[in-house]
Structure formats: C-alpha cells, structure tokens
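See below for the structure under consideration.
Just so it is clear, none of the values below were taken in a lab; they were calculated from the coordinates. Worth saying up front: this structure is predicted, and the values here are computed from it rather than measured. Note that each Cβ is placed from the backbone with ideal geometry, even for glycine, and that neighbours are counted across all protein chains shown.
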Amino acid sequence: MIMNNIFHFTFALAAALMSGPGAVSAYTSDYDRGYSEGQQKAKNIWKNKDGGNCAYISKFEDQVDDFIRTHYWYRSSDYYATQSFDKGAQSGMKRVLQQYQTQCHDDNNHHDDDVD
C-alpha cells in the first residue's frame, strides 16, 4: 500500500515537472492568440472595407485605430489575460497595417519608375 502511494506520488511529481516551462511553450499564450486574431481582423478590414485599394491606405490606418479603440483597448484594472490578449491583438493589427503601408509605398514607387 505504501509503495503504491509512493509510486503514484512520484508519477504525479514527474508529470508536474514535465509540465514546466518547456511544456508550457506547447500552449498558445493569450498574447499570441490576440496577435493572430488582430492580424486576421486587420486583413478582413483591408479586404472588405475598401477592397485592398492602396488609394485608401490612410483610411485603413484610421479604421485599424478605431477598431483597436473599440475592441482591443484595455484598462489597467482588466484581468492580466485580457490585457495580454488585447496587447497582442493591437500588435497584430499594427503589424498588418505596416505590411500594407510598405506594400502600397513600394507599389507606388514601382509605378513611378515605370512612368519614365
């Protein structure tokens, strides 16, 4: 009986140790989930609102900022996981915005080269 309890305790302890920092990395963090969601939301706004037209890139920037303010703005009193998710979502949206700004800038510069 005692040996059986020791075995179960040892097994439970080993499982707990294995679920330490190395095992935690297998799970997606709140920040990462927010980042992915933010990227997807920004891509949807870009595609659906103005059809991905570079002529409206400044409008897209306003739309991203508005969406962040209305959906991913956190208060210091919010639960930590909520803050982490919202920070990730903000970063994800801003990253997509930067990508489209760069793409539109490069497209404009490329077209200017063709005008010669």
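For segment 53-106, what is the convex hull volume of the alpha-carbon atoms per residue, in Å³? Mind dumping the intermediate values first?
Numbers: hull volume 3.4 nm³, N = 54.
Hull volume over Cα atoms, normalised by residue count, gives 62 Å³.
Give, as ranges by residue number, the residues of segment 59-77 whose backbone N falls under 16 Å from the point 7 Å along Cα→Cβ of Gln103. Those under the cut-off are 59-61, 64.
Label-to-label distance for Ala55 and Thr82 is 4.2 nm, based on points extended 7 Å past Cα in the beta-carbon direction.
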